[in-house]
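Have a look at the structure below before the remarks.
The values are calculated or read from the model by the stated rules, or taken from the named source; none is laboratory data. As the structure is a computational prediction, the values presented were derived from the model and not from experiment. Using ideal geometry, Cβ is built from the backbone for each residue, glycine included, and neighbour counts are taken over all protein chains shown. When the accessible area is computed, the model is the full protein with side chains, heavy atoms only, and any ligands, DNA or RNA have been set aside. Shrake-Rupley method; radii C 1.70, N 1.55, O 1.52, S 1.80 Å.
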Amino acid sequence: MKRTAYMITALAVLLVMAIVPAYAQPASAKVNIPFAFTVDDVRMPAGEYLITSPSEKVISIQRVGGPEVKATITNNGGAVKWNGHPKLVFRRYGSLYFVTTAWMPNADHGHEFFTSAAEIEVARNTTQQTVELAMNVAK
């Protein structure tokens, strides 16, 4: 009976280890954003930001030394056009910037942000440009 209990416990431990994703370690990076921007219809001021990925589908954007913080659910994007360096990508419409993708350190895919209602409205009447900012791995 003890041997069966031991085998069941060992199997349970192996099963838990197998289903815990390798992505479990939170990744973080810092970026200086020289312009105000919008994420999920929330306006954020220019400044230095800590970008973290506490889970596979969540990105948190927190202003260093300020009260601004926004956590949002993202889609996993492909590794298209990625050189392996962490970066934050924006869509620019005139003077308005919207976060579109975060490429985190040690990740093999981008985190794509959902398009907000404000961006959809602006995009109807303005041409779009892409802006990429390199991020530094936070220590």
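Being surrounded by fewer than 18 Cβ atoms within 10 Å (Cβ to Cβ) and either out of contact with any helix residue (DSSP H, G or I) (no Cβ under 6 Å at 6 or more places or on another chain) or closer than 20 Å to Thr72 by Cα (or both) is a property that does not hold for Arg91. Considering only residues that are surrounded by fewer than 17 Cβ atoms within 10 Å (Cβ to Cβ) and in contact (Cβ under 8 Å) with a residue 40 or more places away in the chain, which ones fall in the range 96-116? Selection gives Pro105, Asn106, Phe114.
When Ile73 is tested against (1) under 11 Å from the mean Cα position of the chain (by Cα); (2) open to solvent by less than 50 Å² (accessible area, probe 1.4 Å), only condition (2) is not met.
Looking only at the range 40-59, filter to residues that are under 11 Å from Ala27 (Cβ atoms) and among the hydroxyl-bearing types (Ser, Thr, Tyr); which one of those is least open to solvent (accessible area, probe 1.4 Å)? Looking at the filtered set, the residue picked out is Ser53.
Among the conditions (1) farther than 11 Å from Val99 by Cα; (2) free of Cβ contacts under 8 Å to residues at least 40 places away in the same chain; (3) surrounded by 13 or more Cβ atoms within 10 Å (Cβ to Cβ), the only one that Pro67 does not satisfy is (3).
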